[in-house]
Amino acid sequence: MKVLILPSKEAAILRAADIVAAQVRARSDCTLGLATGGTMLPLYAELAKRHQAGEFSMTGVTSFNLDEYVGLAADHPGSYHRYMAEALFDLTDMPIMRAHLPRGDAIDPKAEAMDYEARIAKAGGIDLQLLGIGQNGHIGFNEPTSSLGSRTRIKTLTDSTLEANRRYFDTDEEVPKYAITMGIATILEARACLLLALGESKAEAAAAMIEGPVSAMCPASALQMHAQTTVILDEAAASRLKLTDYYHHVHPGGRESDYS
Ligand code: PGA
């Protein structure tokens with residue numbers, strides 16, 4: 001795992017944007033795995049800004065989002081379809097026909113989950129998967145105790161996730177209780193992963209992911225098994241790590257080392 005610790009939230013976002021932009025520039029027909037959540041919003045804003053400045057085009061890109069809430073139609077204000085349109089797709093030249101998310105309002109959500117997995121495979125897999133991390137260590141909506149061998153399926157959301165999502169909905173009753181999410185094995189098949197975690201509230205989960213045992217209790221720890229994972233943290237999210245001096249030594253200021 002490549003652990004890059006940046007001095008501030010802003011610097012961490014710029015660093016993550018550099019990696020995504022470099023991927024799109026290196027292979028204009030790449031397949032990106034996209035994530036949602038508060039952490040991704042400033043990253044998408046930065047990418048949209050760079051796109052508008054002419055740094056790269058997304059016309060050749062295919063994308064697959066990690067997850068969508070069961071029961072929400074694409075035009076629901078709380079859906080991830082809407083989130084992605086507003087945060088990135090409408091602000092760039094991303095071709096909407098190749099921007100995939102699971103359909104939350106599918107008549108048969110189980111079949112939709114299996115079909116989504118097949119669509120990723122048919123597209124040739126994911127080149128770069130963006131990830132956030134939940135305070136409980138989830139990636140996508142793979143909540144603690146998710147099988148490390150899991151595939152795209154329906155997950156029941158934990159109380160802590162429902163609580164974190166409450167701010168996006170008007171009433172408790174409206175907060176979705178289930179999601180279709182890529183599985184952990186699905187995520188591990190991406191050719192590279194980039195996880196961004198910011199702020200003190202993520203410090204414990206980041207430490208468990210990077211330095212804890214590989215365990216279904218912290219689904220993000222499965223990334224220890226992935227050979228091409230970069231984790232970008234600000235100082236606050238890195239505050240519970242034990243080997244901080246080593247990470248700074250290998251990647252001073254979050255920069256590349258001579259060898260990686
Ligand atoms: P956040 O969510 O970016 O809103 O903190 C991340 C996640 O739950 O994966």
- [ ] Indicate the gyration tensor shape class of segment 178-232 (rounded, prolate or oblate), computed on the Cα atoms with a ≥ b ≥ c the square roots of the eigenvalues: a/c under 1.5 is rounded; otherwise a/b larger than b/c is prolate and the rest oblate.
- [x] rounded
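Using DSSP to call loops (not H, G, I, E or B), can you name the chymotrypsin sites (Phe, Trp or Tyr not before Pro) in segment 95-178 whose Cβ has at most 13 other Cβ atoms within 10 angstrom?
Values: sites: Tyr116, Phe141, Tyr168, Phe169, Tyr178; in loops: Phe141, Phe169.
Taking segment 95-178 and a limit of 13 other Cβ atoms within 10 Å, no loop chymotrypsin sites (Phe, Trp or Tyr not before Pro) are found.
Quick one: net charge of Gly134's neighbours, Cβ under 13 Å, K/R +1, D/E -1?
Numbers: positive: Lys155, Lys202; negative: Asp67, Glu143, Asp159, Glu163, Glu204.
So the environment of Gly134 carries a net charge of -3.
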Task: Bridge type composition, the chain - antiparallel percent by DSSP, nearest 5 - done: 30 percent
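Can you give the calculated 222 nm mean residue ellipticity of the chain, where each DSSP H run of n ≥ 4 adds -39,500 (n - 2.57) and the sum is split over every residue, rounded to the nearest 500 deg cm²/dmol? If you can, show how the numbers build up before the last one.
Values: 8 runs with 81 residues, N = 260.
-9000 deg cm²/dmol, from helical runs alone.
Using the Kirkwood radius over C-alpha pairs as Rh, can you work out the diffusion coefficient of the chain via Stokes-Einstein at 20 °C, viscosity 1.002 mPa s, in µm² per second? Write out the running numbers ahead of the final one.
Details: Rh = 18.3 Å.
My calculation gives 117 µm²/s for D.
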Open item on the list: Shape verdict for segment 105-260, please, from the Cα gyration tensor: rounded (a/c under 1.5), prolate (a/b greater than b/c) or oblate.
Closed with: oblate
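Compute the signed sum of charges (Lys and Arg +1, Asp and Glu -1) over the other residues within less than 9 Å, Cβ to Cβ, of Lys155.
Values: positive: Arg153; negative: Asp67, Glu143.
Within the 9 Å Cβ shell, the charges total -1.
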Open item on the list: Taking 8 Å as the Cα distance limit and 6 or more residues as the minimum spacing, I'd like the relative contact order of the chain as a percentage.
Closed with: 26 percent
Task: Integer Hz, Karplus 6.51/-1.76/1.60 couplings in order for segment 134-143, x for Gly and Pro - done: x, 4, 8, x, 6, 10, x, 10, 7, 6
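Are there any GluC sites (Glu not before Pro) in segment 1-62 that are in a DSSP loop and have at most 15 other Cβ atoms within 10 Å? List them by number. Intermediate values should be presented prior to the final figure.
Details: sites: Glu10, Glu46, Glu55; in loops: Glu55.
When the GluC sites (Glu not before Pro) of segment 1-62 are filtered for loop state and at most 15 Cβ neighbours within 10 Å, Glu55 remain.
Which of the pairs Lys49/Lys155; Lys2/Lys202; Lys2/Lys242; Lys110/Lys177; Lys2/Lys177; Lys2/Lys110 have their Cα atoms more than 23 Å apart in this structure? Intermediate results must be reported in sequence, preceding the final value.
Working: Lys49/Lys155 34 Å; Lys2/Lys202 17 Å; Lys2/Lys242 15 Å; Lys110/Lys177 15 Å; Lys2/Lys177 34 Å; Lys2/Lys110 35 Å.
Table pairs above 23 Å Cα-Cα are Lys49/Lys155; Lys2/Lys177; Lys2/Lys110.
First select every other residue whose beta carbon is under 15 angstrom from the beta carbon of Val24; then total the charges, Lys and Arg +1, Asp and Glu -1.
Details: positive: Arg25, Arg27, Lys49, Arg50, Arg98, Arg191; negative: Asp18, Asp29, Glu46, Glu55, Asp93, Asp127.
Residues near Val24 contribute 0 overall.
Pick out the long, greasy-scoring helices in the chain: whole DSSP H runs spanning 20 Å or more along their own axis by Cα, mean Kyte-Doolittle at least -1.0.
Details: long enough: 9-26 (26 Å, 0.58).
The qualifying helices are 9-26.
I need the peptides 104-111, 180-187 ranked by packing, meaning the mean over residues of other C-beta atoms within 10 angstrom, with the highest value on top.
On the way: 104-111: 14.5, 180-187: 25.1.
Per-residue mean Cβ counts within 10 Å order the peptides as 180-187, 104-111.
No value in this document is a laboratory result; all are computed from the given coordinates. Source: prediction; values computed, not measured. Counting neighbours? That spans all protein chains shown, and the Cβs are built from the backbone with ideal geometry, glycine included.
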